[in-house]
Amino acid sequence: MTAVTAETQEANEAYEAAFDAAVAADERIEPRDWMPEAYRATLVRQIAQHAHSEIIGMQPEANWITRAPSLRRKAILMAKVQDEAGHGLYLYSAAETLGTGRDELLDKLHTGRQKYSSIFNYPTLTWADVGAIGWLVDGAAITNQVPLCRCSYGPYARAMVRICKEESFHQRQGYESLLALSRGTPEQHAMAQDAVNRWWWPSLMMFGPPDDESAHSAQSMAWKIKRHSNDELRQRFVDICVPQAETLGLTLPDPDLRWNEERGHYDFGPIDWTEFWEVLKGNGPCNEQRITQRRRAHEEGAWVREAAAAYAAKHGEATA
Amino acid sequence: MTSTVNAAALALGDDALVLSHRLGEWAGHAPVLEEEVALANIALDLLGQARVLLSMVGDEDELAYLREERAFRNVQLVEQPNGDFAHTIARQLYFSTYQRLLYGRLAATGDGDFAGLAAKAVKEVAYHQDHAEQWTLRLGDGTAESHERMRRACAALWRFTGELFQPVEGLDVDWRELEADWLASVTAVLERATITVPDGPRTGAWSAGAGRQGLHTESFGRMLAEMQHLHRSHPGATW
Amino acid sequence: MTSSDWPLWEVFVRSRRGLSHTHAGSLHAPDAQMALRNARDLYTRRNEGVSIWVVPSVAVTASSPDERDPFFESAADKPYRHPTFYEIPEGVQHL
């Protein structure tokens, strides 16, 4: 017994060394490679949370599909919400390569055991919110996601390449839509400003807690799942947004926002982390509503999924 | 554009616009994620068709957002609420079969006002029909529950299918032949799906007419109220 | 399989005629016909394909990463299989 254990341990150490070497050499880890259990668990948690965010994120925008104010905007919005479903599917597939099926992940979402991005617990109250989500929320997401295209786990990195490519239109359409509102009637301009006022701070929170309070950051950086720290990405996002807001003719709701010559960055005011943690805990304006709708769609769809499976079984086409 | 061409473009355009809107209501509610993507594809194809057709008549947004309910010329079938997934699929099967047969004929005319649009659209709607057919088979011949739901949906929407073959002014089509082809095609799918072909009447009993005359069902008014509200709240605004 | 647990399929897309099918990703579907359609909707929304293959994921037999060395290493030390191995006098053409 002891001999076997020693042998296994030796083998594991060899595997671990090979894994560490691959990560250090910026090689990709692929599904069937040996990987530390904690690496696998971290990836499943992160990819699942990302996938959940895509599909929960459909809701606030889908809220405006039936009220889109022009047919052009309606087509754009439908295509965007559709992309989000598609991106959820790419990501669930990536998680599945780690041995965790979509059904299991959805179940964890539906029972609150896995999270999605807190930003989607805010309501879309006017049409301008759709534009603000495109510009700020998708903008923040892209800032977060572009480095993930180089993530050490191959399937996740490849899904992100596809997603980033497809999402480039999401942010632009939002910006264009806000620009049209800002340059439109006084009522439209006010609508756009109001939306930016409400979405700015939650967008900054999307990068996660400050580096010194971030639970998983250090290990994820070491594994090259994550490439930049939360604060680094947040700063990058602020620097990008300030001039964009100027072109829009809209202001960002932060009196402390100003260029810092010395740092070469914009300084910005303190973020209300109490709100962040409260929304994360479930006390945001829409937490209950979002998860209820998701659960209902899943439950009401059960008979459809069962029917297709039964048909396949009857006609001998099912595999598995 | 002659007025009969306008009338035909409005009828076909409103069909596509309204059904696209209904399918858009599914976003975030579909029974499985793959269907989110599929239903949105169909909705986007239809919206694309609607925009081409309405633009033949005038400004697409004025037509979509500023007409009153009585001015819409879509058939009542497409405005029917989504109901459960079986209702949505039955509605799509009935309508896409009609659209495929109609656009096939319009494309074949080669030089008619609608030939170009129809040639492109017929490929899109062939896929819509296929999607509806695949699901009709699976729901009809799936579980006892899905069979019952599909049967009920097919029966409930049956009385809206006669209107599809009311001649549309401006379209040079043999409507009786179209109807016979439609019936044959739908019957074949339903039989394969083990669904008895409904035997009720295929038109309503109201002599005033139906959707093509601008007479709609009650839920259509609420659909339009939702669709038009924002646009109408900001007269003259651009988006 | 549980009643609503659809199997997983691997999707291969030919992006245009003349190219091979390449792996695009995977998806769930109750059967092959629906897998093809789901693949069309999911992986060719932006005109990425002219042909699709779907294969049940369970039907894929893969080489094991443990066997990477015995499988592939012996090919690495045979440079004479590559044209760059050979030296040809300058000026010789069409070779």
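The values are calculated or read from the model by the stated rules, or taken from the named source; none is laboratory data. Remember, predicted model here, so these are calculated numbers, not experimental data. Neighbour counts run over all protein chains shown; Cβ positions are idealised from the backbone, glycine included. The accessibility values were calculated without ligands, DNA or RNA, using every heavy atom of the protein model including side chains. Shrake-Rupley method; radii C 1.70, N 1.55, O 1.52, S 1.80 Å.
Using the crude model of +1 on Lys and Arg Cβ and -1 on Asp and Glu Cβ, and no other charge, please compute the dipole size for segment C:3-63 relative to its Cα centre, in debye to 20. Can you show the working numbers first?
On the way: 7 positive and 5 negative charges, 85 e Å.
Computed charge dipole of segment C:3-63: roughly 400 debye.
Need one word for chain A: rounded, prolate or oblate. Basis is the Cα gyration tensor (sqrt eigenvalues a ≥ b ≥ c); a/c below 1.5 gives rounded, then a/b vs b/c decides. Could you put the intermediate results ahead of the total?
Working: a/c = 2.19, a/b = 1.32, b/c = 1.66.
Because a/c hits 1.5 or more and a/b fails to exceed b/c, chain A counts as oblate.
With a Cα-only, solvent-free Debye model of segment A:239-320, what are the log10 I(q)/I(0) values at q = 0.11, 0.19, 0.20, 0.27 Å⁻¹?
At q = 0.11, 0.19, 0.20, 0.27 Å⁻¹ the computed log10 ratios are -0.65, -0.96, -0.99, -1.16.
Please report the relative contact order for chain B, taking Cα pairs under 8 Å with a sequence separation of at least 6, and give it as a percent rounded to a whole number. Before the final figure, lay out each step's value.
Details: 307 pairs, mean separation 60.0, N = 239.
Relative contact order of chain B: 25 percent.
Which of the peptides A:252-260, A:276-284 is most tightly packed, and how do the rest follow, going by the mean number of other Cβ atoms within 10 Å of each residue? It would help to have the intermediate numbers written out before the result.
Values: A:252-260: 13.2, A:276-284: 15.3.
Final packing ranking: A:276-284, A:252-260.
C:Gln93 to C:Arg14: FRET efficiency via 1/(1 + (r/R0)^6), r the Cβ-Cβ distance, R0 45 Å, to the nearest 0.05? Provide the component values of the computation, followed by the final result.
Numbers: r = 36 Å, r/R0 = 0.80.
E(calc), rounded to 0.05, equals 0.80.
Need the per-residue list for segment C:27-42: every residue with at least 40 Å² less accessible surface in the complex of protein chains than in the chain by itself, probe 1.4 Å, sorted by number.
C:His28, C:Pro30, C:Asp31, C:Met34, C:Arg37, C:Arg40, C:Asp41, C:Leu42
I need the shape label for segment B:1-85. Rule: rounded when a/c is under 1.5, else prolate if a/b > b/c, else oblate, with a, b, c from the alpha carbon gyration tensor. Before the final figure, lay out each step's value.
Values: a/c = 2.66, a/b = 2.03, b/c = 1.31.
Cα axes put segment B:1-85 in the prolate bin.
I'd like the mean, over residues of B:133-142, of how many other protein chain beta carbons sit within 10 Å of each residue's own Cβ. Don't skip to the end; give the middle numbers.
Working: counts 0, 7, 6, 0, 5, 13, 5, 2, 5, 13.
Mean partner shielding for this stretch: 6.
Positive end of the dipole of chain A, charges at C-beta (+1 Lys, Arg; -1 Asp, Glu), about the Cα centre: which of A:Ser220, A:Ile240, A:Ala190 has its Cα farthest in that direction?
A:Ala190
Please give the direction-averaged projected area of the C-alpha convex hull for the protein assembly as shown, in square nanometres with one decimal. Display every interim value, and only then the final one.
Details: hull surface 156.8 nm².
The Cα convex hull of the protein assembly as shown, projected and averaged over all directions, gives 39.2 nm².
So what J values fall out for segment A:145-157 if you push phi through Karplus, 6.51 cos²θ - 1.76 cosθ + 1.60 with θ = phi - 60°, rounded to Hz, Gly and Pro as x?
Result, rounded to whole Hz: 8, 4, x, 5, 5, 10, 4, 5, 8, x, x, 5, 4.
Over chain A, what is the relative contact order in whole percent, taking alpha-carbon pairs under 8 Å and six or more residues apart? It would help to have the intermediate numbers written out before the result.
Details: 346 pairs, mean separation 55.7, N = 320.
Relative contact order for chain A comes out at 17 percent.
Sticking with the crude label model, points 7 Å out along Cα→Cβ, report the distance from A:Thr185 to C:Asp69 in nm, one decimal please.
That separation, rounded to one decimal, is 7.5 nm.
Residue by residue through segment C:47-53, which ³J(HN,Hα) values in whole Hz follow from phi under the Karplus form 6.51 cos²θ - 1.76 cosθ + 1.60 (θ = phi - 60°), with glycine and proline marked x?
Along segment C:47-53, the couplings run 6, 7, x, 10, 7, 10, 10 Hz.
Just the Kirkwood number for segment A:174-253, please: inverse of mean 1/r across all distinct Cα pairs, in Å, one decimal.
Working: mean 1/r = 0.0701 Å⁻¹.
By the Kirkwood definition, the hydrodynamic radius is 14.3 Å.
Along each of its three principal axes, how wide is the spread of alpha-carbon positions in segment A:95-154, in whole angstrom units, largest first?
41, 31, 13
Counting protein heavy atoms only and a 1.4 angstrom probe, how many square angstrom of accessible surface do chains B and C bury in total, to the nearest 100? Intermediate values should be presented prior to the final figure.
Numbers: alone 11340 and 8090 Å², together 18320 Å².
Using a 1.4 Å probe, the pair buries roughly 1100 Å².
Taking both sides together, what accessible area is buried at the A/B interface, probe 1.4 Å, expressed in Å² and rounded to the nearest 100? Intermediate results must be reported in sequence, preceding the final value.
Working: alone 16430 and 11340 Å², together 23740 Å².
Chains A and B together bury approximately 4000 Å².
Calculate the dipole size of the protein assembly as shown relative to its Cα centre from +1 charges on Lys and Arg beta carbons and -1 charges on Asp and Glu beta carbons; express the result in debye to the nearest 20.
On the way: 65 positive and 91 negative charges, 290 e Å.
So the magnitude is around 1400 debye.
Among B:5-14, B:125-134, how do they line up from the highest to the lowest mean number of other beta-carbon atoms within 10 Å? Present the calculation step by step, with values, prior to reporting the outcome.
Details: B:5-14: 23.0, B:125-134: 20.7.
Listed from highest to lowest mean packing, they are B:5-14, B:125-134.
For segment C:3-63, just say rounded, prolate or oblate: build the C-alpha gyration tensor, square-root its eigenvalues into a ≥ b ≥ c, call rounded for a/c under 1.5, and beyond that prolate if a/b exceeds b/c, oblate if not.
Oblate shape, in that a/c is at least 1.5 and b/c is the bigger or equal ratio.
Rounded to whole Hz and in sequence order, give me ³J(HN,Hα) for segment C:31-43 from the Karplus expression 6.51 cos²θ - 1.76 cosθ + 1.60, θ = phi - 60°, writing x for Gly and Pro.
7, 5, 4, 6, 4, 4, 5, 4, 5, 4, 5, 8, 9
Taking the Cα centre as origin and putting +1 on Lys and Arg beta-carbons and -1 on Asp and Glu beta-carbons, what dipole magnitude results for segment A:58-143, to the nearest 20 debye?
Values: 9 positive and 9 negative charges, 63 e Å.
For this selection, approximately 300 debye.
What does the structure give for A:53-62 when I average, per residue, the other chain Cβ atoms found within 10 Å of the residue Cβ? Walk me through the numbers on the way to the answer.
On the way: counts 0, 1, 3, 1, 1, 7, 3, 1, 2, 8.
Partner Cβ neighbours, averaged per residue: 3.
Rounded to the nearest 500, what is chain B's calculated 222 nm mean residue ellipticity when only DSSP H runs of at least 4 contribute -39500 (n - 2.57) each, over all residues?
On the way: 9 runs with 157 residues, N = 239.
Roughly -22000 deg cm²/dmol at 222 nm, from the helical runs in chain B.
Taking each residue in A:292-304, count the Cβ atoms of any other chain within 10 Å of its Cβ, then average. What number comes out? Could you put the intermediate results ahead of the total?
Numbers: counts 0, 2, 2, 0, 1, 8, 5, 1, 5, 9, 5, 13, 18.
Whole-number average of other-chain Cβ neighbours for A:292-304 is 5.
Show me you know the interface measure: the accessible area buried between C and A, both chains summed, probe 1.4 Å, in Å² to the nearest 100.
On the way: alone 8090 and 16430 Å², together 22220 Å².
Separately minus together, C and A give about 2300 Å² buried.
Relative to the longest principal axis of the C-alpha atoms of chain B, give the angle of the C-alpha long axis of helix B:3-24, reported between 0 and 90° and rounded to the nearest 10°.
So the helix axis and the longest Cα principal axis differ by about 50 degrees.
Suppose we look only past 16 Å in the calculated P(r) of segment A:1-110. What percent of the Cα-Cα pairs does that tail hold?
Numbers: 4101 of 5995 pairs.
Within segment A:1-110, distances greater than 16 Å cover 68 percent of Cα pairs.
Express the carbon and sulfur contribution to the solvent-accessible surface of segment B:3-233 as a percent, rounded to the nearest whole number, probe 1.4 angstrom.
Looking at segment B:3-233 in its full context, I get 51 percent from C and S.
If each of C:Ala59 and C:Phe85 carries a label point 7 Å out from its Cα toward its Cβ, how far apart are those two points in nm?
Here the modelled spin labels are 3.7 nm apart.
Any idea which of C:Leu42, C:Pro70, C:His94 is furthest toward the positive side of the dipole for chain C, if Lys and Arg beta-carbons carry +1 and Asp and Glu beta-carbons -1?
Positive-most Cα among the choices belongs to C:Leu42.
Got a sec? Charge dipole of the protein assembly as shown, +1 on Cβ for Lys and Arg, -1 for Asp and Glu; which of A:Ala141, B:Ala184, A:Gly301 is way out at the positive end?
About the Cα centre, the residue reaching furthest to the positive side is B:Ala184.
Helix A:71-96 against the longest principal axis of chain A: what's the angle in degrees, Cα atoms only, rounded to the nearest 10?
On a 0 to 90 degree scale, this one is about 20.
Angle, helix A:302-314 long axis vs. longest principal axis of chain A, Cα atoms, 0 to 90°, nearest 10?
Roughly 40 degrees between the two axes.
Using 7 Å Cα-to-Cβ label points, what is the A:Ala41/B:Arg70 separation (nm, one decimal)?
It is 6.9 nm.
Hey, any idea what % of chain A's accessible area is carbon plus sulfur with a 1.4 Å probe? Intermediate values should be presented prior to the final figure.
Working: 7170 of 13300 Å².
With neighbouring chains kept in place, the figure for chain A is 54 percent.
Per DSSP helix of 4 or more residues, -39500 (n - 2.57); summed, then divided by the residues of chain A. What does that give at 222 nm, rounded to the nearest 500? Can you show the working numbers first?
On the way: 14 runs with 203 residues, N = 320.
-20500 deg cm²/dmol, from helical runs alone.
When only C-alpha pairs under 8 Å and at least 6 residues apart count, what is the relative contact order of segment C:1-80, in percent?
32 percent
Grab the protein assembly as shown and count how many Lys pairs have their alpha-carbon atoms under 19 Å apart, sequence gap of 8 or more, or different chains.
Numbers: A:Lys80/A:Lys165; A:Lys108/A:Lys281; A:Lys115/A:Lys226; A:Lys115/A:Lys281.
Going through the protein assembly as shown pair by pair, I get 4.
State the dimensionless ratio Rg/Rh of segment B:3-233 (Rg: radius of gyration of Cα atoms; Rh: Kirkwood radius).
Values: Rg = 16.7 Å, Rh = 17.8 Å.
That ratio equals 0.94.
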